[in-house]
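Taking it in order: structure first as structure tokens, then the write-up.
The values are calculated or read from the model by the stated rules, or taken from the named source; none is laboratory data. Keep in mind that this is a model prediction, so the values were computed, not measured. Because the Cβ atoms are built from the backbone with ideal geometry, glycine has one as well, and the counts that use them run over all protein chains shown. Only protein heavy atoms, including side chains, enter the accessible area calculation; ligands, DNA and RNA are left aside. Shrake-Rupley method; radii C 1.70, N 1.55, O 1.52, S 1.80 Å.
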Amino acid sequence: MYSQGLIGADDKTAEDQAFLDAFQKRIDAEEKIEPNDPMPAAYRSTLIRMIGQHAHSEIVGMLPEGNWITRAPSLRRKVALLAKVQDEGGHGLYLYSAAETLGVSREQMTEELLSGKAKYSSIFNYPTPTWADIGTIGWLVDGAAIMNQVPLCRCSYGPYARAMIRVCKEESFHQRQGYELVQNLCAGTTEQKAMAQDSLNRWWWPSLMMFGPSDTDSQHSDLSMKWKIKRFTNDELRQKFVDATVPQAKLIGLSMPDADLKWNADKNNGQGGYDFGAIDWDEFWRVVKGHGMMNKDRIKARKKAWDDGAWVREAAQAYAKKQNTQVAAA
Amino acid sequence: MSAPLLHTVVQIADDHLISGHRLSEWCGHAPMLEEDLSMPNMALDLIGQARTLYSYAARLENKGRTEDDFAYLRTDREYQNCLLVERPNTDFAHTMLRQLYFATYMKFFWESMHESSDETLSALSHKAIKEISYHVRHCGEWVVRLGDGTTESAEKMSDAVQALHPYTEELFEVDESRQHGIDKGIFPDHANLKTQWQNTIDAIFVQAKLTLPEIGFAQTGGRKGLHTEDFGMLLAQLQYLPRAYPGASW
Ligand SMILES: [Fe+2]
Ligand SMILES: [Fe+2]
């Protein structure tokens, strides 16, 4: 899941106007760009950064939910959670492969993640102190991911678009499963319902931040839209998410932690929609810049897995090399 | 209801639950992304089998308990998994070897269960054999790669063999209940299982350039509910929510 509004894209190109115009013509004709096609350097680098951030988010996203696998309260929930976290790892794997088609290796991307150079979705820098967070993440975080990713199924870059089609199917299953978990808590004891409300209170605003900075502050959106990498702006997607999610909360008796939330019949060209309160962008940037509660722990956990696993990867390579030598000698 | 059958079914279910639990601890922390997918995958197989077995146990017992009552609401001394499966992950070499030892045992177990006089277990054996054969292959390949990889990996693999081999004897332990099941044609003859297991492990060890250690003394106790200290910590995690919120449903 979890592509986030892109952070810090580079829009410089060295190509001449004729080249750029020809490329734009293909984009406007809704042709898919494939790995071996000519493309502007900035198109390539934007996609590498975007797909890389997305892949890293899948991988780092395994941690907050993985935190509850050994403590899942029933075998049914345990199996569902294990399968979900495993799906996220699978998404990471397809996405790294999609990024590799643009000429960057998984090792390079991993190093950038571990050194802090590459970003991942800010949402995973929040902790999961309670079991309800497992439901809330599925409901809101996978839900927000779907809003972001359904339009990416039509992304102009073929391998990314195709990866998204497969990923989106699984994300919507995760979203329903998460919502069902929260719904179940709300139908449970007073303590369970309080656990669900507390969790929603903590995750609501961070999940709105998943769509990235507001359109007025996001410099790269224009170019990504022109190249049909993105189809909607951050604010448009955020609004869709609010409009879809608020009624879901009401249905199970939960309330959003936003005193300014109210129905506005004039919104969305007269179709109606929710007005909502101001997002704390200071918090967003603080977390993006590494000062969320869990940023350091997340990278530390990934780094530990990578470092502790070095001897395993080396052994696998050494063994494969020996086998190849034997085959060559035979 | 057959008390001896119930007793043995719970033992096998416990083996699967605890084995799956240990594997699931790796999720998100594996040496490579591919293993972040395969270890949870194997854990899913094992916990899935545990669910089927606990549900069968609940039916045999017929006292209204559920799979979760068995999995979550017993005390340390009531779990009867073999000690091998509860041993901590320690490192990837220990984990792969532990799973290989257990999966190889289960593979031959399920294979002979195709002929079991118990229809439920015989039906389960057909699904389980497919899953567990993959575990044997996957873990066996890793044991070979690590045993015959680098000097460092060979050392770690051989440490794992030293540490875990003493726990393998318990896999073949036959208590009164199990003997009862063997006599009734429900469970296979364990001496035969041991030979099959040993042949497979020997063949893998040759490829992995590993030697079988001399076992001074076989460690057993799990089948009687006597566990190592790490096991209590495992249960503390496993049982936390159902214990903290008695009666709640999730
Ligand atoms: Fe995902
Ligand atoms: Fe997901």
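Taking the condition of being within 27 Å of the chain's Cα centre (by Cα) and either small (Gly, Ala, Ser) or surrounded by fewer than 10 Cβ atoms within 10 Å (Cβ to Cβ) (or both), how many residues in the range A:261-274 meet it?
The total comes to 1.
Looking at the range B:195-236, which of the residues that are free of Cβ contacts under 8 Å to residues at least 24 places away in the same chain and within 14 Å of another protein chain (Cβ to nearest Cβ) is farthest from B:PRO166 (Cα to Cα)?
It comes out as B:ALA236.
Do we find a residue being within 14 Å of another protein chain (Cβ to nearest Cβ) and farther than 30 Å from A:LEU75 by Cα anywhere in the range B:165-172?
no
With the condition kept exactly as written, say whether any residue in the range A:73-80 is under 13 Å from the mean Cα position of the chain (by Cα), assigned to a helix (DSSP H, G or I) and facing chain B (nearest Cβ under 7 Å).
No, the range A:73-80 contains no residue that is under 13 Å from the mean Cα position of the chain (by Cα), assigned to a helix (DSSP H, G or I) and facing chain B (nearest Cβ under 7 Å).
Answer yes or no: is there a residue in the range B:137-146 that is in contact with a Phe, Trp or Tyr (Cβ under 7 Å, 6 or more places away or on another chain) and open to solvent by 10 Å² or more (accessible area, probe 1.4 Å).
yes
Which condition does A:MET147 not pass, out of (1) more than 30 Å from A:GLU31 (Cβ to Cβ); (2) open to solvent by 20 Å² or more (accessible area, probe 1.4 Å), if it passes all the others?
Among (1) more than 30 Å from A:GLU31 (Cβ to Cβ); (2) open to solvent by 20 Å² or more (accessible area, probe 1.4 Å), the lone unmet condition for A:MET147 is (1).
Just for helices (runs of 4 or more DSSP H) wholly inside the range A:255-330: which have at least 1 residues that are more than 14 Å from chain B (Cβ to nearest Cβ) and under 20 Å from A:LYS240 (Cα atoms)?
It comes to A:281-286.
Which pairs turn up if I take residues in the range B:3-29 that are aliphatic (A, V, I, L, M) and look for partners that are not in a helix (DSSP H, G or I) with beta carbon separation below 7 Å, at least 6 apart in sequence or on another chain?
B:LEU5/B:ILE186; B:VAL10/B:GLN80; B:ILE18/B:ASN81
Under 7 Å between Cβ atoms, at least 6 apart or on separate chains: pull out the pairs that start in the range A:48-77 with a residue that is more than 16 Å from ligand 1 (Cβ to nearest atom) and end on any residue that is part of a helix (DSSP H, G or I) and among the aromatic types (Phe, Trp, Tyr).
So the pair list comes out as A:ARG71/B:TYR240.
Pick out the one residue from B:GLU61, B:GLU34, B:GLU86 that is over 22 Å from B:LEU121 (Cα atoms), among the charged types (D, E, K, R) and touching a residue at least 24 places away in the same chain (Cβ under 8 Å).
B:GLU86
Enumerate the pairs (first residue in the range A:136-158 and within 17 Å of A:SER224 (Cα to Cα) and in contact (Cβ under 8 Å) with a residue 40 or more places away in the chain; second residue anywhere and surrounded by fewer than 24 Cβ atoms within 10 Å (Cβ to Cβ) and acidic (Asp, Glu)) with beta-carbon separation below 6 Å, excluding pairs fewer than 6 apart on the same chain, so at least 6 apart or on different chains.
A:GLY158/A:GLU34
Which number in (1) touching a residue at least 40 places away in the same chain (Cβ under 8 Å); (2) within 21 Å of B:SER133 (Cβ to Cβ); (3) surrounded by 22 or more Cβ atoms within 10 Å (Cβ to Cβ) marks the one condition that B:TYR54 misses?
If we test B:TYR54 against (1) touching a residue at least 40 places away in the same chain (Cβ under 8 Å); (2) within 21 Å of B:SER133 (Cβ to Cβ); (3) surrounded by 22 or more Cβ atoms within 10 Å (Cβ to Cβ), just (2) comes out false.
Could you give every pair whose Cβ atoms fall below 6 Å, whose first residue belongs to the range A:81-103 and is within 7 Å of chain B (Cβ to nearest Cβ), and whose second residue is within 11 Å of ligand 2 (Cβ to nearest atom), counting only separations of at least 6 or pairs across chains?
A:VAL85/A:MET62; A:VAL85/A:GLU65; A:GLY89/A:MET62; A:GLY92/A:GLU58
For B:LEU46, indicate whether it is more than 8 Å from chain A (Cβ to nearest Cβ) and either assigned to a helix (DSSP H, G or I) or surrounded by 19 or more Cβ atoms within 10 Å (Cβ to Cβ) (or both).
yes
What residue, of B:ASP175, B:ASP183, is surrounded by fewer than 18 Cβ atoms within 10 Å (Cβ to Cβ) and under 20 Å from the mean Cα position of the chain (by Cα)?
Within the list B:ASP175, B:ASP183, the selection yields B:ASP175.
Is it true that A:ASN67 is within 16 Å of ligand 2 (Cβ to nearest atom) and either aliphatic (A, V, I, L, M) or open to solvent by 20 Å² or more (accessible area, probe 1.4 Å) (or both)?
yes
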